[in-house]
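See below for the structure under consideration.
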Amino acid sequence: MAISPFLKTHAPKAQWLQHLESGDVRPYVYVRSENQIPQPGSRHKLDWFPWAPVMIEPLNINEIEFAERIFHLENTAFGPSAMAIPRWVFYDCAVMPGFVAGFAMKTEKLSATMRKALNIRGQHEWTPLSLFIIIPTMKKGEWVAHNLCAVNALLEEKDRFYALGFLSKAFGLWYANVETCCGMTQWGNTALKLHSHYGHLEVLTAYTPVHSHAKTITYRSQVNVGCWENFFTREDDLEFLEKYEPSGLMIDPTQENSMIDLHRRIQKGDGPYFLGALDIAAKKLTDPLIVYRRKKA
Ligand SMILES: CC(C)(COP(=O)(O)OP(=O)(O)OC[C@H]1O[C@@H](n2cnc3c(N)ncnc32)[C@H](O)[C@@H]1OP(=O)(O)O)[C@@H](O)C(=O)NCCC(=O)NCCS
């Protein structure tokens, strides 16, 4: 199955997409059978993911090695931020209520650097390279992105599969027909460069002391595949520019006070406030970001 003409033209840095064409890399869906998505990929019109995913049933004890690979990847990627997922949280809060997806590679085709990073020992058929977990909420159509990680975090830049993290979340949102996606990340995390590209990103909390890391942003996006191409093209998002304007506020990922200040404004009802994907893309992780608001009619 060929990769989409858009990705072929606009994602030259993502050379690994050729492994999708050869069948050595495939999207995977790790979901218990009762949570399977009816009519996957029917909501968002997109031709990026024509390959049938590898389906893995987490409750099948013969598939435990895939879970072990997920744990190794996740725990190694999140270890430095002290957010490695305990196994029981993965089971209780992801496998039972939710949906897990990503990309997997044929174990025999992994490079030596990837084998080392992923601590490969046995010869199971597929090894997960990334992981995206979403959980449905009590609000109709709204999901929470609970976890995103990619083997890239464990590799030197030259060995990375460019856009693996971005495309993993894109695949999960597309496959599961997600309408609205909330999520959490820490200010200054690379992930904000990805999360801001799936739909206009509203800041729900700018400071979150109820989380283990108070400097956490909670966001919400109405998933809009019209924005996704901009991750690669860096073109202006005309709809964003039409709808929003700089509020005059900035958020500084190194200054807790700026988070508390923005959060208090949200709490008072001054918002909603938004972040701009292209502003984030153009900045270093620690640079202050423009806070946008809706233009007045
Ligand atoms: C965050 C994460 C999922 C990103 O996935 P990824 O596959 O590395 O990123 P992608 O290749 O999809 O995206 C590439 C963009 O991120 C940037 N990026 C990736 N790693 C980076 C780093 N360490 N520092 C700065 N930017 C980085 C790239 O420069 C690129 O931006 P560009 O197009 O402007 O050059 C991955 O780094 C990871 O697993 N991190 C550890 C776990 C984590 O913190 N998860 C986020 C939880 S919300």
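Taken together, the values in this text are just the output of simple stated rules run on the coordinates, not laboratory data. Computed from a predicted model, the values in this text were never measured in an experiment. We place every Cβ from the backbone using ideal geometry, glycine too, and count neighbours over all the protein chains shown.
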query: Taking the Cα-to-Cβ direction at Met55 and at Leu241 and moving 7 Å from each Cα, how far apart do the two end points lie in nm?
result: 4.5
task: Pull up all non-local amide H partners of His146: gap of 5 or more, or a different chain, and H-to-H distance under 5 Å with H placed in the peptide plane.
output: Ile133, Ile134, Ile135
- line: Averaging 1/r across every pair of distinct alpha carbons in the range 180-297 and inverting yields a Kirkwood hydrodynamic radius, in angstrom, of 14.2
Beta bridge orientation in the range 1-178: antiparallel %, DSSP, nearest 5: 85
field: MRE, 222 nm, helices only [DSSP H, n ≥ 4, -39500 (n - 2.57), over the chain, to nearest 500]
entry: -7000 deg cm²/dmol
Ratio of Rg to Rh over the range 155-198 (Cα coordinates, Kirkwood Rh, two decimals): 1.01
- request: Could you calculate the FRET efficiency of Asp47 with Asp92 from 1/(1 + (r/R0)^6), where r is the beta carbon distance between them and R0 is 45 Å, rounded to 0.05?
  value: 0.80
- request: Could you list which residues have their amide H under 5 Å from that of Tyr273, counting only those 5 or more apart in sequence or on another chain, with H placed in the peptide plane?
  value: Val203
- prompt: Taking the Cα atoms of the chain, what is the range of coordinates along each of the three principal axes, in descending order and whole Å?
  reply: 56, 41, 38
field: Contact order normalised by residue count of the chain, Cα under 8 Å, 6+ apart, percent
entry: 15
task: Out of all DSSP beta bridges with both ends in the chain, state the antiparallel percent to the nearest 5.
output: 85
- request: Along Cα→Cβ, 7 Å out, is where each label goes; now give me the distance between the ones at Lys296 and Arg115 in nm to one decimal.
  value: 6.5
message: Using C-alpha positions alone, give me the convex hull volume of the range 1-178 per residue in cubic angstrom.
response: 120
field: Karplus-derived HN-Hα couplings along the range 86-96 (A = 6.51, B = -1.76, C = 1.60, θ = phi - 60°), whole Hz, x at Gly and Pro
entry: x, 4, 5, 5, 4, 6, 5, 9, 10, 5, 6
